[in-house]
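Some notes on the structure that comes next.
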Amino acid sequence: MVATIMETIFKEKSRGKVSLIHFLVRCFAVAATILLLTDRIHAHVDGVEILGNDVDAPPSSVQGIEVINSEAIRDDQWQTVKTRGSQFVVGDRPFYVNGFNAYWLMILAADPSTRGKVTEVFQQAAAVGLTVCRTWGFNDGGWRALQKSPAVYDEDVFKALDFVVSEARNYRIRLILSLINNWDGYGGKAQYVKWARDAGLNITSDDDFFSDQTVKGYFKNHVKNMLTRVNTYTNVTYKDDPTIFAWELMNELRCTSDPTGNKLQSCMQAWIQEMAFHVKSIDPDHLLEVGAEGFYGPSSPARLQANPNTYAGQVGTDFIRNHRVLGVDFASVHIYPDTWMPGASVDAQLKFAQSWMQAHIADAEGTLGMPVVFTEFGVSTKARSAFNATSRDRFIQAVYGLLLDSTRLGGAGAGALLWQVFPEGAEYMDDGYGVVLPKAKATAGIMSVHSRRLVVFNSRCAWSCRWGCRKEEEQSEDVDDD
């Protein structure tokens with residue numbers, strides 16, 4: 001809406017149809033419109049406020065979800081996301097993220113009877129304006145494995161991942177593909193170590209994953225096979241596909257055998273450096289992130305008190321040091337106050353989430369000079385949790401409000417991905433954190449409003465341009481018309 005008004009003003013001005021006074025008055029009106037769209041952004045801790053009056057009414061709905069108004073992206077505009085300072089950009093425009101997690105996409109896509117659930121969740125996510133999805137690009141050993149043994153793949157499962165990437169593109173949703181799990185679920189680093197032991201290597205700890213040359217070779221081969229995969233649906237190599245938002249080295253990496261990570265070349269730090277170089281040597285164009293939870297370590301002792309508990313500083317990760325690695329493009333942080341602070345009240349957990357986010361946004365801007373994405377955030381609504389559906393919405397609203405505080409200033413708070421979204425009929429996989437959008441109308445409304453606000457910011461030119469690029473585009477069109 002704002003972009004359309006500006007387009008009209010600049011076109012009329014360039015063609016001499018608007019006086020200078022009228023031009024200035026109408027520009028002031030546009031600025032006021034932007035402020036009206038973005039001034040009521042702060043989280044309401046005392047209750048959820050669904051803000052539906054500050055944007056145009058949605059034109060349609062998908063299974064009970066209101067569809068937001070957003071300009072369709074043409075294929076020639078589907079460009080790879082880059083970074084510029086502490087912001088994401090697509091071309092010359094900022095790209096702030098509202099997204100979600102759906103780790104299970106490849107597994108359900110591998111079964112023809114459940115493949116439609118992938119389409120369904122993308123359709124529902126796109127309807128509320130979600131633009132990025134994080135999912136697993138691995139399943140090592142075990143049931144419906146992608147990688148059955150080192151560098152041996154099940155082609156049917158790989159084709160299922162091809163379908164996920166293709167379908168995401170159809171709904172203009174970009175993907176963060178995680179390359180391995182720290183945990184045992186879907187194989188993880190423990191499976192790689194088991195493969196090495198089965199091959200006769202004397203490995204004593206799962207953390208040898210980070211240092212053993214054979215195991216690192218297994219992982220490097222998987223990285224290469226993933227990045228150079230040619231999609232059987234689109235015929236586009238993964239490393240050339242703008243649908244891929246970023247690669248993630250490992251989900252929630254930890255190295256508890258080196259609890260402080262205090263050595264300059266600790267097992268964790270050396271591995272991140274080596275694997276970041278390896279990824280970028282194959283795919284220099286896509287973004288890369290570490291996959292860490294954001295716990296502070298000894299490189300920033302003043303920040304240790306920001307951690308949710310003492311143990312968080314003893315898992316071998318170090319937020320500042322881990323992101324000061326050549327090839328790492330943006331910082332990743334998770335937010336799970338209910339897990340990290342069991343027994344604390346809802347208000348105490350919301351207060352922690354606020355300080356946790358503020359610390360990481362400040363460090364991303366000032367110390368690291370890169371965007372930060374809260375790649376997992378959520379709270380459980382299971383019986384023993386302090387949260388129910390209503391207080392969960394307060395939490396989501398609070399996260400969005402803090403991000404919009406950063407966005408209004410062009411800051412490093414680049415987005416957040418809710419853990420997690422399911423389509424109807426997939427609730428059997430719910431870990432207590434799941435949201436089924438057609439059933440959670442209030443939650444879907446909060447997410448939709450946040451998406452609409454981001455559309456305003458993402459439709460602007462680069463911050464330094466101050467609308468100049470739009471004027472240049474209009475002048476170019478006028479020349480073409482003449």
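Between Q77 and I282, the FRET efficiency estimated from the beta carbon spacing at R0 = 25 angstrom works out to 0.45. For S205, S332, the ranking by accessible surface with the largest value first comes to S205, S332, using a 1.4 Å probe. In the structure shown, the pairs K189/K439; K82/K220; K148/K382; K117/K189; K82/K441; K159/K382 are assessed against 26 Å; a Cα-Cα span above that value is assigned to K189/K439; K148/K382; K117/K189; K82/K441; K159/K382.
In this structure, the amide hydrogen of V421, modeled 1.01 Å from its nitrogen in the peptide plane, lies closer than 5 angstrom to those of N101, V435, counting only residues at least 5 positions away or on a different chain. Of the three principal axes defined by the Cα atoms of the stretch 298-433, the extents in descending order read 43, 31, 26 Å. Once the C-beta distance of V152 and A270 is scaled by a Förster radius of 25 Å, the resulting FRET efficiency is 0.35 to the nearest 0.05. For the pair N170 and K439, the difference between a 0.36 nm per residue extended length and the Cα-Cα distance amounts to 94.4 nm.
For the stretch 239-368, the share of accessible area belonging to carbon and sulfur comes to 53 percent (1.4 Å probe, ligands and nucleic acids excluded). Within the stretch 361-465, which GluC sites (Glu not before Pro) sit in a loop by DSSP and count at most 15 neighbouring Cβ atoms inside 10 Å? Passing sites in the stretch 361-465 are E424. On a per residue basis, the stretch 193-233 carries 48 Å² of accessible surface, using protein heavy atoms and a 1.4 Å probe. Per residue, the accessible area of the stretch 338-381 comes to 34 Å² when a 1.4 Å probe rolls over the protein heavy atoms. Were the residues from W143 through D184 laid out at 0.36 nm apart, the gain over their Cα-Cα distance would be 13.5 nm.
Largest accessible area first, the residues Y153, Y186, Y311 order themselves as Y311, Y186, Y153 under a 1.4 Å probe with ligands, DNA and RNA left out. Site pair M429 and S113 shows an inter-label distance of 1.6 nm when each label is modelled 7 Å from Cα along Cα→Cβ. Round to the nearest 0.05 the FRET efficiency obtained for K194 and N225 when R0 = 22 Å and r is the Cβ-Cβ distance. Efficiency at R0 = 22 Å is approximately 0.70.
The values are calculated or read from the model by the stated rules, or taken from the named source; none is laboratory data. Computed from a prediction, not measured in an experiment: that's the story for all the values here. Glycine also receives a Cβ, built like all others from the backbone with ideal geometry; neighbour counts cover every protein chain displayed. Quick note on the areas: whole protein, heavy atoms, side chains included, nothing else; ligands and nucleic acids left out. Shrake-Rupley method; radii C 1.70, N 1.55, O 1.52, S 1.80 Å.
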